[in-house]
1. Largest first and in whole Å, what are the equivalent-ellipsoid semi-axes of the protein assembly as shown based on the Cα gyration tensor, each being the root of 5 times an eigenvalue?
2. Counting other C-beta atoms within 10 Å, which of A:TYR25, B:TYR34 has the fewest, and how do the rest follow?
3. Counting Lys +1, Arg +1, Asp -1, Glu -1, what net charge surrounds B:LEU46 among other residues with beta carbon under 14 Å of its beta carbon?
4. What lysines could a cross-link reach from A:LYS94, if we take a straight Cα to Cα line under 24 Å and drop same-chain neighbours fewer than 8 places away?
5. Rank these for me by crowding, B:CYS23, A:CYS90, going from fewest to most other beta carbons within 10 Å.
6. Taking each residue of A:27-39 in turn, how many C-beta atoms of other protein chains fall within 10 Å of its C-beta, and what is the average?
7. Determine the shielding of peptide A:90-97 by partner chains: average, over its residues, the number of Cβ atoms on other chains within 10 angstrom of each Cβ.
8. If you take each beta carbon of peptide A:49-59 and count the beta carbons of other chains within 10 angstrom, what is the mean?
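What follows draws every value from the coordinates through simple rules; no lab data is involved. Bear in mind the structure is a predicted one, so any value in this text is a computation, not a measurement. Methodologically, a virtual Cβ is constructed for each residue, glycine included, from the backbone with ideal geometry; neighbour enumeration extends over all protein chains shown.
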Amino acid sequence: GNSVTQMEGPVTLSEEAFLTINCTYTATGYPSLFWYVQYPGEGLQLLLKATKADDKGSNKGFEATYRKETTSFHLEKGSVQVSDSAVYFCALLKGGKLIFGQGTELSVKP
Amino acid sequence: SQTIHQWPATLVQPVGSPLSLECTVEGTSNPNLYWYRQAAGRGLQLLFYSVGIGQISSEVPQNLSASRPQDRQFILSSKKLLLSDSGFYLCAWRGLAGGLTGELFFGEGSRLTVL
């Protein structure tokens, strides 16, 4: 079946450090891929998306590239800020349903 | 612009009591609607989704049910809550304009604690 696997957290970084959160997926065909972010006590917000192989989604300094050959959609940011502290969810859309990974908690210290 | 509202935001209920969480969407027609649950320290699990009035698909067997009495209204219910029903419930919608690749938009969530 369709599934998403994310690296486990929590991830703790210092401000201005480089961030990578790994995400791999299992699905038939070409699902759309997403990263959502959840700030403490809030719902989910779309961070970025990619709809076909080799697409790069980007937003607020975050980037992720849809890699069909490795079935991956890793999230990266060159310099994190304290305000980036949140839980990040990788997800795929297939058959009208959004399937999430387990989420990765990021904590950025000043 | 489209907006999604969920209520109540916080709910504390005793075991065995009924539940009703409501979600409404504004500014769009015939959206796909979804209920997700986020248990403490875990990811999001799809509970129900609906492609139209009265059309509900259940993803996992459980103590909950969903209804869609109007195009932009989605209700999550239970007749008798269990301790394991505690969690953060999120409603979401997806517009047809997004096509097959359209993302979901989420409400602010309803936190349910069953005691």
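1. Here the semi-axes work out to 29, 21, 15 Å.
2. Ascending Cβ contact count within 10 Å gives the list A:TYR25, B:TYR34.
3. +4
4. Answer for A:LYS94, where 24 Å is the Cα cut-off: A:LYS49, A:LYS52, A:LYS56, A:LYS68, listed by chain and number.
5. Taking fewest neighbouring Cβ atoms as first place, the list is B:CYS23, A:CYS90.
6. Per-residue shielding by partner chains comes out at 2.
7. 4
8. Mean shielding count: 1.
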